[in-house]
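First up is the structure itself, then whatever we jot down about it.
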Amino acid sequence: MSPTRPLACLFLLVPLVLVGCRIEVEEAGREEASFPLTRGTTEVMRMRAYLAKMYEPGAVRESFVDDFGDAIDCVEFRLQPAIRLQGIDPDRGRMPSELDDEKPIALLDGESPASALTTRTCPSDTVSLRHYTLDDLVAYGTLDRFLQRNHEGQPVRDIGYELHDHAQNFYFARNWGGSTTLNVWTPPEVEKGNFSLSQVWVVAGERPEEQTVEAGWISYGGERGSEHPPRLFIYTTSDGYRTGCHNAECGRFIKMPSSKIVLDGRFSSTSEYKGAQLVFTMRWQLCPTSTCGDWAGWWLNYEAGGYSEWVGYYPRSLFDAARLADAANQVSFGGEVYQPALATSHTTTDMGSGRFPSEGFGAAAYQRSLRLIAPGNVWRPVTDDRLFSVEKPGCYLHGGLERADNWGDYFFFGGPGRSEACK
């Protein structure tokens, strides 16, 4: 249920703590987090220090609650965490406008755009960022679990695959990125502490030292009681998943003031079984120093229904020259399900729509219009040099890569998790 009014708050010198107002929790559909930790513990002090570090006093111009109950801050572009913490000069960079040379992805019959745009626009010289409170962090138990999005205390992005099931394509070639169009689902079942996603991975280096930039949609089990709405997300690691961070929460991703989406924001609607398929396109593209100057790095492009924007970028300085700073050596597309290591049987969490790829359009999850970007900004299809992987075919399946004139290179994937064939 929508809030009755936007936030009108006084921000104190401790950033992200709202004083003199309260978010309309019940009306916005939000639940107060319980505190498994004592507020005076060392871990809570770490959380407080993290919140204080992210914003300087005066960085937040205004705040509001969107139609889904998420609190959004409009942060001064020059004072956003990534610019301030990394010492980026906001006046010396350039947008990657000359990389906008690809035709927009047209909708197919039966498709509609999946919008992740904010329901209210921030002022033009600010950026829209999710507002996180101490309650949000404490609900995860530790700061590290919050940054890794893990309630259960197990490493969400561990180096091994034993906690993860994938249905995934791999393409091994030196590249400047890749692009995919995804249909968005609310998976029927996502167990608490699990997640289910569909995404693109851009990777450089070999395990256990790879560096990645990633983007797509993700559904977290138990986010709000029984709800697990899909959210737009990005992720990066510079050390083989020993550490890493989602969205704008580590001061790594620099967001553009022209961006109308919210990282970690909900989609306004999702695909329906035998109904409209809600789709959007995500692209990671390296912009070299010769084009973007001090804003060189891995840029994220979002497109849906004719609307397109450069959301922002991970600066080149975050990565090693031998790995992701100058190029990637792998692009992957697909779905993933995570369950905690302490589980005694396979999870019932659905991948994609929860249906196997054989059910096809209108029932199964898919990615289409897959493309690679070769060095020099040369676009090409992904048909050659491809591999695909499924760890547990009784649980989830990959339908194999196919090609059609209007779909480009595409595949269906997904499944229901635990069953007689998946234990």
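The values are calculated or read from the model by the stated rules, or taken from the named source; none is laboratory data. What you see is a predicted model, and the numbers here were worked out from it, not measured in a lab. Glycine also receives a Cβ, built like all others from the backbone with ideal geometry; neighbour counts cover every protein chain displayed.
Residue 165 meets the conditions (1) at pLDDT 85 or above; (2) surrounded by fewer than 23 Cβ atoms within 10 Å (Cβ to Cβ); (3) within 16 Å of residue 335 (Cβ to Cβ); (4) among the charged types (D, E, K, R) in every case but one. The failed one is (2). In the condition set (1) under 27 Å from residue 112 (Cα atoms); (2) surrounded by fewer than 23 Cβ atoms within 10 Å (Cβ to Cβ), residue 262 is compliant with all but (2).
Scanning the range 82-98 for residues that are assigned to a helix (DSSP H, G or I) and either among the aromatic types (Phe, Trp, Tyr) or touching an Asp or Glu at 6+ places or on another chain (Cβ under 8 Å) (or both) gives a single hit, 84. Just wondering, is there one or more residues in the range 374-388 that are out of contact with any Ser or Thr (no Cβ under 6 Å at 6 or more places or on another chain), under 28 Å from residue 195 (Cα atoms) and not aliphatic (A, V, I, L, M)? Among the residues of the range 374-388, at least one is out of contact with any Ser or Thr (no Cβ under 6 Å at 6 or more places or on another chain), under 28 Å from residue 195 (Cα atoms) and not aliphatic (A, V, I, L, M), which makes the answer yes. Do you know which of the residues in the range 262-288 that are closer than 19 Å to residue 372 by Cα and either hydroxyl-bearing (Ser, Thr, Tyr) or assigned to a loop (DSSP other than H, G, I, E, B) (or both) is modelled with the highest pLDDT? Checking each candidate, the answer is 281. Filtering the range 126-144 to residues that are touching a strand residue (DSSP E or B) at 6+ places or on another chain (Cβ under 7 Å) and part of a loop (DSSP other than H, G, I, E, B) leaves only 131. Residue 412 fulfils the conditions (1) touching a residue at least 60 places away in the same chain (Cβ under 8 Å); (2) surrounded by 17 or more Cβ atoms within 10 Å (Cβ to Cβ) except for a single criterion, (1). Residue 55 meets the conditions (1) closer than 28 Å to residue 298 by Cα; (2) modelled with pLDDT of 85 or more; (3) not hydrophobic (A, V, I, L, M, F, W, C) in every case but one. The failed one is (2). Do we have any residue at all in the range 99-114 that's loosely packed, with under 15 Cβ neighbours inside 10 Å and in a helix (DSSP H, G or I)? No: zero hits.
Of all residues in the range 245-293, those satisfying the criterion of being among the polar types (S, T, N, Q) and more than 29 Å from residue 51 (Cβ to Cβ) are 269, 270, 271, 277, 281, 285, 289, 290, 291.
Conditions tested, residue by residue: (1) surrounded by fewer than 20 Cβ atoms within 10 Å (Cβ to Cβ); (2) over 30 Å from residue 314 (Cβ atoms); (3) free of Cβ contacts under 8 Å to residues at least 24 places away in the same chain; (4) touching a helix residue (DSSP H, G or I) at 6+ places or on another chain (Cβ under 6 Å).
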{"residue": "328", "(1), (2), (3), (4)": "no, no, no, no"}
{"residue": "345", "(1), (2), (3), (4)": "yes, yes, no, no"}
{"residue": "368", "(1), (2), (3), (4)": "no, no, no, no"}
{"residue": "391", "(1), (2), (3), (4)": "yes, no, no, no"}
{"residue": "402", "(1), (2), (3), (4)": "yes, yes, yes, no"}
